[in-house]
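Presented below is the structure to which this report refers.
Read-outs: derived from the displayed coordinates by stated rules, not from any lab. Keep in mind that this is a model prediction, so the values were computed, not measured.
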Amino acid sequence: MELVVNKMRKSFNLYTYIYYQFYRFFSSGWGGIAKYWRPSAVLGVVEVWLLNGVANIVGYITNTKMFVSHPAHPTVVLIIISLVSIHYFCFHHNNGSQKIVAQYDELPEKTNRLGGWLIFAGILLSSWFVIESFQIYATVAKGLN
């Protein structure tokens, strides 16, 4: 057990562990390379969602209009290109996703189950944050029109 804990301390990364938990959740279904791209896509959606929530809070604090409604807006395109690049180099370049999955599969099942519940709770908390940020931003948007 001590060897597993020492190994986990050296190579644990929350970002890759979240990817791994999404992989475990979505691993059934299509086979092949798609099973490694699905968690990356879901992680990207969660990141965009959180960035939008942060933009809403900043808009509330600064009393400015921060919401970008058109998907071809340069800011949105830049964010998407950045996230796709980060995900490619973190997870898919040189089979990084397979290495990540193999690394975290070595952890005990109880640890992975607890980690899955913690990630799930974090996603629920993030969802609450984003919903609240839209409600807060709605009060600002009413005053700006």
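Applied to the range 14-25, the Karplus parametrisation 6.51 cos²θ - 1.76 cosθ + 1.60 on θ = phi - 60° returns per-residue 3J(HN,Hα) values of 4, 4, 6, 5, 4, 4, 4, 5, 5, 4, 4, 6 Hz, with x for Gly and Pro. Whole-Hz Karplus values for the range 92-99 come out as 10, 5, 6, 6, x, 5, 5, 5 Hz, taken residue by residue from phi with 6.51 cos²θ - 1.76 cosθ + 1.60 and θ = phi - 60°; glycine and proline positions read x. With the cut-off at 1.5 for a/c, could you classify the range 87-145 from its C-alpha gyration tensor as rounded, prolate or oblate? Note, shape of the range 87-145 comes out oblate.
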